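Engineer: Mind looking over this structure? Questions follow.
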Amino acid sequence: MQNYSEKVMEHFRNPRNAGEIKNPDGVGHVGSSVCGDVMELYIKVKDNVITDVKFKTFGCGAAIATSSMITELVKGKRVNEALKISNRAVAEALGGLPPAKMHCSVLAEEALKSAVEDYHKRSF
Amino acid sequence: MKRIYLDYAATTPADPEVIKAMSPYFTERFGNASSLHSFGREARSAVEQARKTVALFLGAKPEEIIFTSGGTESNNFVLKGIADANKSKGNHLIISAIEHHAITKPCKFLEKQGFKVTYLKVDRYGLVDLQDLKRAITDKTILISVMHANNEIGVIQPIKEIGKIAKEQEIHFHTDAVQTFGHLPVNVDQLNLDLLSCSAHKLYGPKGVGALYVREGTKILPFMHGGDQENDRRASTRNVAGIVGFGRAVELAGEKIGREEKRLISLRDKLIRGVLDNIGRTRLNGHPAKRLPNNVNVSVKYIEGESMVLNLDLEGIACSTGSACASSILDPSHVLLALGLPHELAHGSLRFTLGRYTKEEEINYVLEVLPKIVGKLRSMSPLYKTKKK
């Protein structure tokens, strides 16, 4: 086991935007409890801009920190810009992740994609 | 911040008495135990004294004790050494499904060499079934290895009964006693054992030293080839200071054994009751009574173990988990899955292991802090929300 960066621990300790949005415009649900990580991302979109975002996560320290970080990264961004955020960008913003935990950043990216997909489905 | 150590199954701090006993063997009594001169002789006599202490504790003869580098080496020694020395008799080994990786991985290695291994399943408490064992035995079976007590869930196996079956069938019987040696009475004759592994750092001794008990007359291949140390069965310059420390640790354990057991059981049960009574949707893993005096293993539903361990660490409490997320592999503990636990509960396990320096206030502190952590993580968990509906 490699140690977590200070930034990961800081987000783990004080997760940003944890919780749920009532009447969201899109919800992403990825992972499974079998693998040990489940992420749910809720987004509120106005004029193609993500105005609010919240998460709920079952998972390890890295899963919680990456969830928290992706909500910070996408808030206020245009939907198409937000989709450009890669898992690597999430990991980098956290000061890196141990190799065995990179999949948590992938999950965060997928959760966002899934939430946007859901948003598109609802609005068309 | 105060720090509370509740991971004694991982390792224990060396007793100051142990350090005191070891210290001269690094400096003025630094001799090589194989040398002829007085420096060598004083080192050798210290090693032999420790050997007597370990042997006495096990009810064995001194010449039946081989000093090793620890539990993992002792286990590798047994599996590879017995398999190789007895392959003309048979190629079948029997172990339990919840052995430590220091047993299962050598078995995987042996399977690649053409040996066959039966992994005995366990019941929901982690106990092996004696009828299953009897059924698994064939005329090719050369070794049965079942751990005395499990390192994760603390379940204590019916070693004496397993040993009786092995004896009747004339099959070598080994137990990995790393978690019990120095904590529970272990007598090789009473338990019908031919081989036993133990490690010093689990009983307030130094890391990097352990022992293997081998019953007289047992055919086993040497583990390391080189010098003629340990009766030609384990080459390498002896770790004199480590062995002396091990011996002292065993003496101290012997003085405390019954009293300490009682004290730990009462603290253990307080912690178990406190968790199960005060936090909803929790379960005890392992057997309620056939259990190591110091082991508490619980699963907390809807949340994951590593995030609990990290949060507890932030509050100064050190414990461990069988969650996949705490290891480099992504499967949760094979021990918890063998109990039939669903993945979610296996991922949500917490292990607290108590020890010589554990005080009641520390248990109270855990019981004060843990419900808050569980509450915080559950409020963030999508599974908790789903289940509430």
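The values are calculated or read from the model by the stated rules, or taken from the named source; none is laboratory data. All of these numbers come straight from a predicted model, not from anything done at the bench. Cβ placement follows ideal geometry from the backbone for every residue including glycine, while neighbour counts extend to all protein chains displayed. The area values use the complete protein model at the heavy-atom level, side chains included, leaving out ligands, DNA and RNA. Shrake-Rupley method; radii C 1.70, N 1.55, O 1.52, S 1.80 Å.
Engineer: Inside segment B:356-375, can you point out the residues that are surrounded by fewer than 21 Cβ atoms within 10 Å (Cβ to Cβ) and farther than 18 Å from B:Val298 by Cα?
Structural biologist: Selection gives B:Arg356, B:Tyr357, B:Lys359, B:Glu360, B:Glu361.
Engineer: Here is a list of conditions, (1) under 28 Å from B:Leu341 (Cβ atoms); (2) surrounded by fewer than 21 Cβ atoms within 10 Å (Cβ to Cβ); (3) more than 11 Å from the chain's Cα centre (by Cα), and A:Glu117 meets all of them except one; can you say which number that is?
Structural biologist: (1)
Engineer: Just checking, which of B:Ala346, B:Ala318 is open to solvent by 10 Å² or more (accessible area, probe 1.4 Å) and either within 14 Å of chain A (Cβ to nearest Cβ) or under 27 Å from B:Tyr125 (Cα atoms) (or both)?
Structural biologist: Values: B:Ala346 fails: open to solvent by 10 Å² or more (accessible area, probe 1.4 Å).
When all the criteria are applied, what remains is B:Ala318.
Engineer: Being under 13 Å from the mean Cα position of the chain (by Cα) and modelled with pLDDT of 95 or more is the filter here; which residues of segment A:88-104 pass it? Quick ask: steps written out before the conclusion?
Structural biologist: Initial filter on segment A:88-104 (under 13 Å from the mean Cα position of the chain (by Cα)): A:88-91, A:93-94, A:103-104.
Across segment A:88-104, the qualifying residues are A:Arg88, A:Ala89, A:Val90, A:Ala91, A:Ala93, A:Leu94.
Engineer: While we're on this one: Just to be sure, is B:Arg238 buried (at least 17 other Cβ atoms within 10 Å of the Cβ), assigned to a helix (DSSP H, G or I) and touching a residue at least 24 places away in the same chain (Cβ under 8 Å)? Quick ask: steps written out before the conclusion?
Structural biologist: Working: buried (at least 17 other Cβ atoms within 10 Å of the Cβ): yes; assigned to a helix (DSSP H, G or I): no; touching a residue at least 24 places away in the same chain (Cβ under 8 Å): yes.
For B:Arg238, the condition - buried (at least 17 other Cβ atoms within 10 Å of the Cβ), assigned to a helix (DSSP H, G or I) and touching a residue at least 24 places away in the same chain (Cβ under 8 Å) - is not met.
Engineer: Restricting attention to strands (runs of 3 or more DSSP E) lying wholly within segment B:103-217, give those where 3 or more residues are crowded, with 23+ Cβ neighbours inside 10 Å.
Structural biologist: Strands (runs of 3 or more DSSP E) meeting the threshold: B:141-145, B:172-176, B:195-199, B:210-214.
Engineer: State whether one or more residues within segment B:259-268 are away from chain A (no Cβ under 14 Å), of a type in the set (S, T, N, Q) and over 29 Å from B:Gly81 (Cβ atoms).
Structural biologist: From segment B:259-268, those away from chain A (no Cβ under 14 Å) are B:259-268; that's our starting set.
Filter once more, keeping what is of a type in the set (S, T, N, Q): B:266.
Within this subset, residues satisfying the condition of being over 29 Å from B:Gly81 (Cβ atoms) are B:266.
Yes, segment B:259-268 contains a residue that is away from chain A (no Cβ under 14 Å), of a type in the set (S, T, N, Q) and over 29 Å from B:Gly81 (Cβ atoms).
Rundown of residues vs (1) aromatic (Phe, Trp, Tyr); (2) in contact with a Leu (Cβ under 7 Å, 6 or more places away or on another chain), yes/no style:
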site	(1), (2)
B:Ile159	no, yes
B:Thr175	no, yes
B:Phe181	yes, yes
B:Leu193	no, no
B:His201	no, no
B:Gly205	no, no
B:Gly226	no, no
B:Ile243	no, no
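Engineer: Give the residue that is most open to solvent (accessible area, probe 1.4 Å), with candidates limited to residues of segment B:35-71 that are assigned to a helix (DSSP H, G or I) and of a type in the set (Val, Ile, Thr).
Structural biologist: From segment B:35-71, those assigned to a helix (DSSP H, G or I) are B:38-58, B:62-64, B:71; that's our starting set.
After this cut, where a residue has to be of a type in the set (Val, Ile, Thr) as well, the list is B:47, B:53-54.
Values: B:Val47: 1, B:Thr53: 21, B:Val54: 0 Å².
Looking at the filtered set, the residue picked out is B:Thr53.
Engineer: Any chance you could count how many residues in segment B:292-314 are touching a helix residue (DSSP H, G or I) at 6+ places or on another chain (Cβ under 6 Å), part of a loop (DSSP other than H, G, I, E, B) and within 11 Å of chain A (Cβ to nearest Cβ)?
Structural biologist: Total meeting the criteria: 3.
Engineer: A:Leu41 - would you say it is open to solvent by 10 Å² or more (accessible area, probe 1.4 Å) and within 14 Å of another protein chain (Cβ to nearest Cβ)? If you could, list the steps in order and put the result at the bottom.
Structural biologist: On the way: open to solvent by 10 Å² or more (accessible area, probe 1.4 Å): no; within 14 Å of another protein chain (Cβ to nearest Cβ): yes.
No.
Engineer: If we keep just the residues of segment B:261-275 that are surrounded by 18 or more Cβ atoms within 10 Å (Cβ to Cβ) and of a type outside the set (A, V, I, L, M), which is farthest from B:Lys301 (Cα to Cα)?
Structural biologist: First, the residues of segment B:261-275 that are surrounded by 18 or more Cβ atoms within 10 Å (Cβ to Cβ): B:264, B:267-268, B:271-272, B:274-275.
If we keep only those that are of a type outside the set (A, V, I, L, M) too, we end up with B:268, B:274.
Numbers: B:Arg268: 21, B:Gly274: 16 Å.
That would be B:Arg268.
Engineer: I'm trying to understand the selection: among the residues of segment A:11-37, which are surrounded by 16 or more Cβ atoms within 10 Å (Cβ to Cβ) and part of a helix (DSSP H, G or I)?
Structural biologist: Of everything in segment A:11-37, those that are surrounded by 16 or more Cβ atoms within 10 Å (Cβ to Cβ) and part of a helix (DSSP H, G or I) turn out to be A:His11, A:Phe12.
For every residue, the table says whether it meets (1) out of contact with any Asp or Glu (no Cβ under 9 Å at 6 or more places or on another chain); (2) more than 17 Å from B:Ile162 (Cα to Cα); (3) among the hydrophobic types (A, V, I, L, M, F, W, C).
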position: B:Asn76; (1), (2), (3): yes, yes, no
position: B:Gly90; (1), (2), (3): no, yes, no
position: B:Ile95; (1), (2), (3): yes, no, yes
position: B:Ile98; (1), (2), (3): no, no, yes
position: B:Ile103; (1), (2), (3): no, yes, yes
position: B:Cys107; (1), (2), (3): no, yes, yes
position: B:Lys121; (1), (2), (3): no, no, no
position: B:Leu130; (1), (2), (3): no, no, yes
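Conditions (1) under 30 Å from B:Ala85 (Cβ atoms); (2) surrounded by fewer than 15 Cβ atoms within 10 Å (Cβ to Cβ); (3) small (Gly, Ala, Ser), marked per residue:
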position: B:Phe223; (1), (2), (3): yes, no, no
position: B:Gly242; (1), (2), (3): yes, no, yes
position: B:Val250; (1), (2), (3): yes, no, no
position: B:Asp277; (1), (2), (3): no, yes, no
position: B:Thr282; (1), (2), (3): no, no, no
position: B:Ala289; (1), (2), (3): no, yes, yes
position: B:Tyr302; (1), (2), (3): no, no, no
position: B:Ser307; (1), (2), (3): no, no, yes
position: B:Leu310; (1), (2), (3): no, no, no
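Engineer: Do we have any residue at all in segment A:100-113 that's within 10 Å of chain B (Cβ to nearest Cβ), open to solvent by less than 10 Å² (accessible area, probe 1.4 Å) and on the phi > 0 side of the Ramachandran plot?
Structural biologist: No, the conditions are met nowhere in segment A:100-113.
Engineer: Can you name the number of the only condition in (1) polar (S, T, N, Q); (2) more than 7 Å from chain B (Cβ to nearest Cβ); (3) crowded, with 22+ Cβ neighbours inside 10 Å that A:Thr57 fails?
Structural biologist: Unmet condition: (2).
Engineer: Just one of (1) at pLDDT below 95; (2) farther than 30 Å from B:Tyr119 by Cα; (3) open to solvent by less than 20 Å² (accessible area, probe 1.4 Å) trips up B:Cys325, so point out which.
Structural biologist: Every condition holds for B:Cys325 apart from (2).
Engineer: Could you say which residue among A:Asn17, A:Asn80 is more than 10 Å from chain B (Cβ to nearest Cβ) and closer than 21 Å to B:Met308 by Cα? Lay out the reasoning, then the answer.
Structural biologist: Details: A:Asn80 fails: closer than 21 Å to B:Met308 by Cα.
Result: A:Asn17 is the single residue among A:Asn17, A:Asn80 that is more than 10 Å from chain B (Cβ to nearest Cβ) and closer than 21 Å to B:Met308 by Cα.
Engineer: Output yes when any residue across segment B:6-24 is crowded, with 19+ Cβ neighbours inside 10 Å and out of contact with any Lys or Arg (no Cβ under 9 Å at 6 or more places or on another chain), and no when none is.
Structural biologist: For segment B:6-24, residues crowded, with 19+ Cβ neighbours inside 10 Å and out of contact with any Lys or Arg (no Cβ under 9 Å at 6 or more places or on another chain): absent.
Engineer: Based on what the data block shows, is B:Ser74 among the hydroxyl-bearing types (Ser, Thr, Tyr) and open to solvent by less than 10 Å² (accessible area, probe 1.4 Å)?
Structural biologist: Values: among the hydroxyl-bearing types (Ser, Thr, Tyr): yes; open to solvent by less than 10 Å² (accessible area, probe 1.4 Å): yes.
The answer is yes for B:Ser74.
Engineer: Still on this structure, please answer the following. Among (1) part of a loop (DSSP other than H, G, I, E, B); (2) surrounded by 24 or more Cβ atoms within 10 Å (Cβ to Cβ), where does A:Lys84 come up short?
Structural biologist: (2)
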